[in-house]
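Beneath this line is the structure, given in structure tokens, with notes to follow.
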Amino acid sequence: MEEVFPPYHVFINHRGPDVKKTLASHIYHALETHGLRVFLDKQELQVGDFLTPAIQSAIRSASVQIAIFSETYAQSPWCLDELVWMLDSDPTSIKIIPIFYDIEPSELRHVEKGAYATAFEEHRRKGRVTDERVESWIKAFEKVSAISGIPFRTEIDDHGERLKEIVETVLVKVGREQLHVCEYPVGLRQAAEHFEKVVLSRSESKSTHVVGILGLGGSGKSTLATHLYNSMCSQFQRCCFLSDVSKEKIPCLQQTLLRNLLRDKNLCIEASRRGKALLQDRLRGLTRVLIVFDDIDNTEQVDNLLCVKDVLGNGSVILVTSRDQTLFVSSKIEIYNVKLLDEKQAQELFCWYAFGNTKPVDDLKDMVEELVRMCGGFPLALKILAGQLHNERNPRKWKQQLKSLRKQLPEDLLGRIVMDSYKSLDNTEKEAFLDVAHFLTGEYRDLVERVLDGFNDNGFQCLQTLRQKCLVEFELADIIRSRALQVESVDWSVGIWRRAKGSFKIRMHDLVRDLARQIGRQDLPLRLCCSNDKMISTR
């Protein structure tokens, strides 16, 4: 039985000792970020693969073939054979992108007396290859030398700009629509790998897998979902990404979804009830469909859009992002809590936006570290604060800006991270949120409940709501989760919750706490204050 190898979008032909750990690796990971399947022999060949068939299959399937001509390229018969196979698979040469890595294109036209002359003489002298094979290599060089390529001069070129040019050239040739993910994908590949490991690895081809990506605004939900969409869409027959669902009218979203999946641009929907019926009828049985619903925020959207999960066929995947856990729980959707950036990733992302590279200026290092701590791993916060100091090198101006930020964070940050979640609360829940932010963070849950109960609030329910909106956390959440799963409950088991009453503390992310305190100065008057280290009511 003939072995079947996976298809690829891009094949990279290169000389390993010259560029595998530098340019070839950078191209590989940059294209992967755009959702392309890239063949780079070390990464893609599996134990037991037959080398030649696997490589030839990758070359034939690739929409783009990159050939990196470097100093010792011609010393490798493998590189030369691959080049011949590339030209054989594409007689028009329109797939091939030559990259001249510290080599002039003219060296390929004059192989008998140019930089590669010694390598070809050595092949002939050793007698391990036939004259016909050497001639096929020389003809391949001459043909590729006539193709417009990309020069890469390591000593004088801007490596980042050259890499960007290569990636853009590949994307044009591949001809697939790729959604913009982000300017600097720091930590994104690791986040996607973690998601795929803990969630997608459990997908069953015989059912539709629905996953809710949960987190506050600015935590990276949409970025992760977009990256996953780009990387996965080539594996599905039909795909659709609906962005900013919370800002669009439902009939318009239903219409976009149907038009994309059915490829019918004339289909029109004016009422959500009619749209729901069409979704359930026209999409029934469609297999291997990928859908992303980005930023769902109410049950009406869930009811009129996620109804497709019950009718799609085998192997389909639906990703949903939201700030509100209750929407996932009510629909029995598996929940994935988005991970914030760790300290190293956060500093790298901040430096990219502030300085255009990965490290801070020496004179500003301490202030960078304080600003990064202030952002607490929120990608959006890092982008906004760094943007306010973009290309600024004057330490005095940094100190002034830092002093200002200690007093009040930017309104843009407040609105995009916390305010939407805050506005979705009722007045009692808003007051409970501000109480926790000002006085109750770090206290045991039973104490916080009693304090809130003292205002005739339902303390238990208020804390439940704040947690479901991602505004507070519980220190022993993982333990509670594992116990809840043991009793086969989608939501937290109320019984377990009650029994654990004194076992964990209420936590609030530092940035959320600071933004909440800023709201408190602008919005509702506080109903608690501290006197002699005791909390007392102001009402």
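The values are calculated or read from the model by the stated rules, or taken from the named source; none is laboratory data. Keep in mind that what you see is a predicted model, and the values were worked out from it rather than measured. Cβ sites come from the backbone with ideal geometry, for glycine too, and all protein chains shown count toward neighbours. The accessibility values were calculated without ligands, DNA or RNA, using every heavy atom of the protein model including side chains. Shrake-Rupley method; radii C 1.70, N 1.55, O 1.52, S 1.80 Å.
Cβ-Cβ distances below 6 Å connect the following pairs, each with a first residue in the stretch 272-289 that is in contact (Cβ under 8 Å) with a residue 24 or more places away in the chain and among the charged types (D, E, K, R), a second residue that is outside any helix (DSSP H, G or I) and buried (at least 16 other Cβ atoms within 10 Å of the Cβ), and a separation of six or more residues or different chains: Arg284/Val311; Arg288/Phe236; Arg288/Gly315.
If you check Pro185, Pro98 for being surrounded by 14 or more Cβ atoms within 10 Å (Cβ to Cβ), assigned to a strand (DSSP E or B) and in contact (Cβ under 8 Å) with a residue 12 or more places away in the chain, only one passes: Pro98.
Once the stretch 73-95 is narrowed to residues that are touching a residue at least 40 places away in the same chain (Cβ under 8 Å) and of a type in the set (Ser, Thr, Tyr), the residue that is farthest from Lys173 (Cα to Cα) is Ser76.
Filtered by the rule that a residue be over 16 Å from Cys233 (Cα atoms) and out of contact with any helix residue (DSSP H, G or I) (no Cβ under 7 Å at 6 or more places or on another chain), the stretch 285-299 gives Gly285, Asn298. Of all residues in the stretch 50-63, those that are within 16 Å of Tyr28 (Cα to Cα) and assigned to a helix (DSSP H, G or I) have Cβ atoms under 8 Å from Cβ atoms of residues that are at pLDDT below 85 and of a type in the set (Phe, Trp, Tyr), 6 or more apart or on another chain, in Ala58/Phe5. Residues in the stretch 374-390 that are over 16 Å from Lys221 (Cβ atoms), open to solvent by 20 Å² or more (accessible area, probe 1.4 Å) and part of a helix (DSSP H, G or I): 3 in all.
Of all residues in the stretch 255-284, those satisfying the criterion of being touching a helix residue (DSSP H, G or I) at 6+ places or on another chain (Cβ under 9 Å), modelled with pLDDT under 90 and of a type outside the set (A, V, I, L, M) are Asp264, Lys265, Asn266.
State yes or no: is Gly127 out of contact with any strand residue (DSSP E or B) (no Cβ under 9 Å at 6 or more places or on another chain), buried (at least 16 other Cβ atoms within 10 Å of the Cβ) and without any contact (Cβ under 8 Å) to a residue 24 or more places away in the chain? I'd like the intermediate steps shown before the answer.
Details: out of contact with any strand residue (DSSP E or B) (no Cβ under 9 Å at 6 or more places or on another chain): yes; buried (at least 16 other Cβ atoms within 10 Å of the Cβ): no; without any contact (Cβ under 8 Å) to a residue 24 or more places away in the chain: yes.
The answer is no for Gly127.
Going through Glu300, Glu270 one at a time, which residue ends up being assigned to a helix (DSSP H, G or I) and open to solvent by 20 Å² or more (accessible area, probe 1.4 Å)?
Residue meeting the stated conditions: Glu300.
Does the stretch 74-93 contain any residue that is surrounded by 16 or more Cβ atoms within 10 Å (Cβ to Cβ), modelled with pLDDT of 85 or more, part of a strand (DSSP E or B) and not aromatic (Phe, Trp, Tyr)? No, there is no match, as no residue in the stretch 74-93 is surrounded by 16 or more Cβ atoms within 10 Å (Cβ to Cβ), modelled with pLDDT of 85 or more, part of a strand (DSSP E or B) and not aromatic (Phe, Trp, Tyr).
Sort through Gly212, Gly187 and tell me the only one that's over 30 Å from Gly313 (Cα atoms) and either more than 17 Å from the chain's Cα centre (by Cα) or at pLDDT 85 or above (or both). Steps first, please.
Details: Gly212 fails: over 30 Å from Gly313 (Cα atoms).
The conditions single out Gly187.
Considered as a group, the residues in the stretch 223-255 that are open to solvent by 50 Å² or more (accessible area, probe 1.4 Å) and outside any loop (DSSP other than H, G, I, E, B) include one that is farthest from Asp297 (Cα to Cα), and that residue is Gln235.
Can you report the number of residues in the stretch 355-373 which are part of a helix (DSSP H, G or I) and at pLDDT below 90?
Qualifying residue count, the stretch 355-373: 3.
Of all residues in the stretch 23-45, exactly one satisfies the criterion of being at pLDDT 90 or above, farther than 19 Å from Lys95 by Cα and either open to solvent by 30 Å² or more (accessible area, probe 1.4 Å) or among the aromatic types (Phe, Trp, Tyr) (or both), namely His26. From the residues in the stretch 1-16 that are modelled with pLDDT of 75 or more and part of a loop (DSSP other than H, G, I, E, B), which one is most open to solvent (accessible area, probe 1.4 Å)? Within the stretch 1-16, the match that is most open to solvent (accessible area, probe 1.4 Å) is Pro7.
Condition check ((1) modelled with pLDDT of 85 or more; (2) more than 16 Å from His509 (Cβ to Cβ); (3) open to solvent by 10 Å² or more (accessible area, probe 1.4 Å)) across all residues:
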position	(1), (2), (3)
Glu392	no, yes, yes
Lys399	yes, yes, yes
Pro410	yes, yes, yes
Tyr422	yes, no, no
Glu429	yes, yes, yes
Asp435	yes, yes, no
Leu447	yes, yes, yes
Arg450	yes, yes, yes
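In the stretch 480-488 there is no residue that is assigned to a loop (DSSP other than H, G, I, E, B), acidic (Asp, Glu), at pLDDT below 85 and under 29 Å from the mean Cα position of the chain (by Cα). Considering each residue of the stretch 146-160 in turn, none proves to be part of a helix (DSSP H, G or I) and of a type in the set (S, T, N, Q).
Every condition in (1) over 18 Å from the mean Cα position of the chain (by Cα); (2) in contact (Cβ under 8 Å) with a residue 60 or more places away in the chain is met by Thr223 except one, and the failing one is (1).
Out of Cys462, Cys470, which single residue is of a type in the set (A, V, I, L, M, F, W, C) and at pLDDT below 90? None of the other options fit; the residue is Cys470. Would you point out the residue of the stretch 133-159, among those that are open to solvent by 50 Å² or more (accessible area, probe 1.4 Å) and among the aliphatic types (A, V, I, L, M), that is nearest to Asp88 (Cα to Cα)? By that ranking, first place goes to Ala146.
In this entry, Val368 is excluded by the filter for residues that are within 24 Å of the chain's Cα centre (by Cα) and either open to solvent by less than 10 Å² (accessible area, probe 1.4 Å) or of a type in the set (Val, Ile, Thr) (or both).
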